[in-house]
Amino acid sequence: MKAEDLSERLLKEFPDLASSFSIDKGEAVVTVSSDVVHDTIERLKGFGFNQFEMVTAVDRGENLEVVYILHSLGMKVVIWVRTFVPRDAAWVASMVDLYTAADWLEREVYDLFGIEFRGHPDLRRIMMPFDFEGSPLRKDYVDENIIPRPDYI
Amino acid sequence: MTGYWGGVVWGLGAGVLVGISTILGVWGERKVAGHIQKRYGPNTAPVFGIFQLVYDLLKLLTKEDIHPKQARRGLFNIAPLFMTTPIISSLVIIPFAAGWAPLDTSIGILFFLAVPSISVLGVLFAGWSQRNTYASLGGLRGAAQMISYEVPRSLSVLAVVMLAGTMQPVTLMGEWRIWWLPVTLIAFVVYFIASIAELNRGPFDLAECDSELVGGYFTDYSGIRWAMFMMSEYGGMTAAALFGSVVFLGGTWPLSGVLGVLVLLVKTVLLVIAFMWAKWTFPRMRPDQLMATSWKVLTPMALVQIVIVGVVIAWL
Amino acid sequence: MTNDAQGTAAEIVSDGPSVREMVVNVGPSHPSTHGVCRIITHLDGEVVTEADLVIGYLHRGIEKIAENRTYLQVVPLTDRLDYVGSMYNNWAYSRAVEKLMGITVPERAEYLRVITCELQRVASHMMAVGSAGNDAGATSFFVLAFWIREQVVDLLARLSGSRLTYNYVRPGGVSFDIPEDGWVEDLRALCKKTPAALEELDRLFFGNVIAKDRTKGIGVLSAEDAIAAGVTGPSLRASGVDFDLRRDEPYSVYDRFSFDVVVGESGDSFERSRCRLLECYESLRIIEQALDQMEPGRTTAPSIPRLIAPPAGEVYERIESARGTLGVYLVSDGSVRPWRMKVRSPAFTNLSVVGTLAVGHTISDLVIIVGSFDPVFGEVDR
Amino acid sequence: MAIIDDLGQTLEKMPGGSVILTSFDALLDWSRGHSLWSQPMGTACCAMELIASSFSKFDLDRHGTFPRADPRSVDVMVVAGTISRKMAPAVLRVWEQMAEPRWCIAMGNCTVSGGIFHYDTYAVMPGVDSFLPVDVYIAGCPPRPEALQDAILQLRDKIRNESVAGGRTYEHKLLLPTSSPRVAIEDRGESA
């Protein structure tokens, strides 16, 4: 299914998403504020997005962007749900109650970006050792173990 | 050959025999495994790679003998002896030539079935004394498996004993007739399978399966003690194959004298290769399936065999 | 006395006066974890009551390194993600860059990508099936499966120059055209003779009664659980969900081939491993069709600059790798280096269900369940 | 190991003991060098080549080297693949579990220096020699299985000059039969 067809069907079902819905490079994107992201994803799940494909974060300066990508096995299309959280109070609601796949994926984002997923039953570090400190994938992360690469280009 | 000194001489002789059979067995195993797996196995060492095992043995003799800090030293040290000694002593009743065995006793068969079972203690001691999770799981598995497989193994031998009417291996080998082979075929199959399990070898190597328990009941052993476990495995395999050829395949039949010994050796080697063939072809069983096989398949099979033999004897 | 390395020490958890559970630490260096995974297993007798997977022992921070490399320099990094199937990572990443840049890839390059990736699927599945067999104790089966992989790897090495990390698919096309030394004929010969070898493997392991006893009914994953847990690829299809990106959301030139999607029924370990084996036949079919359809032409898009600087934006591109849906999420800020690269690895999400599946099975089954999901820790940990 | 070490040192002090010592060394090094069982510490990509090296096509077992899972009974640890900071303690632990004498082969660029993951990362050890004594390094990303075979043969040459009396090394002539495919050292360049 193309993103255009999806937008037609989705907006017919949920007219209130129209303001936050856009199509970027052929992908359907829903941009919502961080307090309604759980609600939005719950509605999208009801709409037929049955696979939680991934969640990740992007460091955008003063905000961190959290990107959820949902996939529908029936409609054969993906949809992005984007939200922004402030850098120093980074938290969103956990999606583990909707999709079990969110368990490890959210732990990974928590580990590497320091975003707290409220409601997650087992929010521990997953990639780094349990006693590790810091959020290595944030752009301002400093670590004396990092050997900076000489700039050849 | 009885008496104290005879025992000492035989003990040393059997020890050497087990040592040689271990060297040749490991070499053969690596070669058999290699050829099953489209490769060669050791072949760069002199004499078709047999020297590889000389290297290995010398190396193991001089390797560090680790005692884990948490291990129970006494049991840890003597456990390998409990594995090898019964195997070595059990060889004493094997009739190596027609009409001669180192110890020609009227309860030879019972002796062979009973004495190697002592190595269950070795498995338990080794598994317990290391205080290591893998080892204790492996030890418990090994002990349970060896004890359960005693039953079908003994029952299978019983069929031949009934036919021969004696428990003396030398007499049994003399009495052996070729028509016994088809009659006791089921017993032979049961004996073969039960022996593999008794020796903790694949496909029943649950006690030492490297994909689950790393090294099984001898995980923490190193150097010469580890080599003794290997010796008990290969010595036990040789002993089981020798005993199998004597009891089920007629030993030196159809020849006698030196040629007879050769015939016995050939039969033994063929059986040993069959043991290896099974190990390198089949996947491993799960502990509960293994127990089920023993009690639900092999034991009834052995009982059926006894009934068949009973009918045959009555018909004769 | 918990042992970090090999799990060679005992830890008895006593619950009041009676000892109930034993904690067995499997890994991170354990023969059956397919790499470096640690499974803290609570055992009641031999039955697993709790299995906690600790991963991250191969976390190399590839996503961080990629932020300090130019777009072309990232390609070798993606090779080392899923080292059993490097081509897929190259391809997924290249597709993401191409979409950012708006590059159209020449047709011959697309066919070459399909051929190499389907070859890679055979190689990867042979590794997966073989090591799953090895977990059940069938060492010779592993060696024989690996032998098929060796033949495939030889062909890929002749094409790309490397046995494992190919760096072959790159943004804009592929590195090299087919060599002139009879590569195509050898590939056709391989496609002819491999099905017989696969047949033999099928009988050797999947026809064996012990193997069936060991794997059937072990680690049953229902279709609903599989979808909710984000399981993709052969592991999802083994649970009876008929979904394959190559057919259902065709990318590249996959819509021009006719092939069947192998779907299992029961979703147990047997089905998961066997689905992989059966997929190899389909891959060989695709390769033969691609060889027939392929026409001479360019292998790289014209005018790809040395220093790619795509316009700012985000893309997410997915392909069907040997383990499932492999996605690359790429954020560009308009400079020559990616702002953020995220790899959605199928092995990671597939592995996350193992902990719950193993409960109630014995420790012997645990290694089989882990093996049946075919985790590759380069991709799990990144 | 203790007995052998004491024996070596006692022999060295004894008048005329060095004759026995050198013969003893020759015998031990001969056996140890030819029987290098490996602990496959395969973590990443190189593990695939490590597996391939002992399987059908390359078959390290020809040289007497085969992988064993338990660290107690092996002689050489082949560290194949990236060692992350999280993994390093575990590798060290396995190394400590191995019985003396033991050797270590660093297979692949990641274990030599961190390789492609040397720069810009927070999670990778820059080379396994920062915490393990490495005997033979193999470059390559990943090295071919032949390179591992070559490393085993090189390690054999290295062991040939070891002595049980302390860390001394000296060259002793072997009069014992050795394995046949002894690659001359000057020919080694191409194979790796």
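The values are calculated or read from the model by the stated rules, or taken from the named source; none is laboratory data. No experiment lies behind these values; they were computed from the predicted model shown. Cβ placement follows ideal geometry from the backbone for every residue including glycine, while neighbour counts extend to all protein chains displayed. Areas reflect the complete protein model, heavy atoms only, side chains present, ligands, DNA and RNA absent. Shrake-Rupley method; radii C 1.70, N 1.55, O 1.52, S 1.80 Å.
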**Message:** Can you sort B:T184, C:T362 by solvent-accessible area, 1.4 Å probe, largest first?
**Reply:** C:T362, B:T184
**Request:** Report the FRET efficiency, 1/(1 + (r/R0)^6), for D:L92 and C:D333, where r is their Cβ-Cβ distance and R0 is 35 Å, rounded to 0.05.
**Result:** 0.30
**Prompt:** Hey, what do the phi angles of segment B:279-288 turn into as Karplus ³J(HN,Hα) couplings, whole Hz, using 6.51/-1.76/1.60 and θ = phi - 60°, x for Gly and Pro?
**Reply:** 4, 8, 10, 9, x, 8, 8, 8, x, 5
**Asked** Rounded, prolate or oblate: which fits segment B:32-178 when a ≥ b ≥ c are the square roots of the eigenvalues of the alpha-carbon gyration tensor, with rounded for a/c under 1.5 and prolate only if a/b beats b/c?
**Response** oblate
**Asked** Mean residue ellipticity at 222 nm from the helices of chain B, using -39,500 (n - 2.57) per DSSP H segment of n ≥ 4 over the full residue count, to the nearest 500 deg cm²/dmol?
**Response** -22500 deg cm²/dmol
**Request:** Round to the nearest 10 and give me the degree value, 0 to 90, for the angle of helix A:102-113's Cα axis relative to the longest principal axis of chain A.
**Result:** 40 degrees
**Prompt:** Taking a probe of 1.4 angstrom, what is the accessible area of A:R43 in Å², to the nearest 10?
**Reply:** 70 Å²
**Fill in**
Rounded to the nearest 10, the angle in degrees between the Cα long axis of helix A:3-13 and the longest principal axis of the Cα atoms of chain A comes to 70 degrees
**Prompt:** Counting only other chains, what is the mean number of Cβ atoms within 10 angstrom of the Cβ of each residue in peptide C:218-230?
**Reply:** 3
**Request:** For A:D5, put the label point 7 Å out on the Cα→Cβ axis and report which residues of segment A:19-43 keep their amide N under 20 Å from it.
**Result:** A:22-30
**Request:** Report, as a whole number in µm² per second, the diffusion coefficient that Stokes-Einstein gives for chain C at 37 °C and 0.692 mPa s using the Kirkwood radius over alpha carbon pairs.
**Result:** 153 µm²/s
**Under 17 Å from the Cα of A:K45 - lysines, other chains or at least 8 residues apart** = A:K12, A:K76
**Message:** For B:V16, C:V231, give me the order by solvent-accessible area with a 1.4 Å probe, most accessible first, ignoring ligands, DNA and RNA.
**Reply:** B:V16, C:V231
**Item:** D:E100/B:K69 FRET efficiency (R0 22 Å; Cβ-Cβ; nearest 0.05)
**Value:** 0.85
**Prompt:** Excluding ligands and nucleic acids, what accessible area in Å² is computed for B:I273 using a 1.4 Å probe, to the nearest 10?
**Reply:** 70 Å²
**Complete:** Among B:T105, B:A187, B:L158, the residue whose Cα sits farthest towards the positive end of the charge dipole of the protein assembly as shown, when +1 is placed on the Cβ of each Lys and Arg and -1 on the Cβ of each Asp and Glu, is B:T105
**Message:** Taking beta carbons within 10 Å but only from partner chains, what does the mean come to for residues D:122-129?
**Reply:** 6
**Item:** For segment C:246-254, 3J(HN,Hα) per residue [Karplus equation, 6.51 cos²θ - 1.76 cosθ + 1.60, θ = phi - 60°, Hz, x = Gly/Pro]
**Value:** 5, 9, 8, 10, x, 10, 6, 10, 5
**Prompt:** Highest GNM mean-square fluctuation, chain C, Cα pairs closer than 10 Å: which of C:S29, C:S140, C:S303?
**Reply:** C:S303
**Complete:** Averaged over the residues of D:47-60, the number of partner chain Cβ atoms within 10 Å of each residue's own Cβ comes to 6
**Between 0 and 90°, nearest 10: helix B:4-36 axis offset from chain B longest Cα axis** = 80 degrees
**Request:** Mind scanning C:K193/C:K216; C:K64/C:K342; B:K38/D:K57; B:K59/B:K279; C:K192/C:K212; D:K13/D:K158 and naming the pairs with a C-alpha gap bigger than 19 Å?
**Result:** C:K193/C:K216; B:K59/B:K279; C:K192/C:K212; D:K13/D:K158
**Solvent exposure, largest accessible area first (probe 1.4 Å, DNA, RNA and ligands not counted), of D:I83, A:I146** = A:I146, D:I83
**Asked** Using helices alone, what [θ] at 222 nm do you get for chain C, with -39,500 (n - 2.57) per DSSP H run of 4 or more residues, divided over all residues and rounded to the nearest 500?
**Response** -13500 deg cm²/dmol
**Prompt:** A:K45: accessible area at probe 1.4 Å, nearest 10 Å²?
**Reply:** 80 Å²
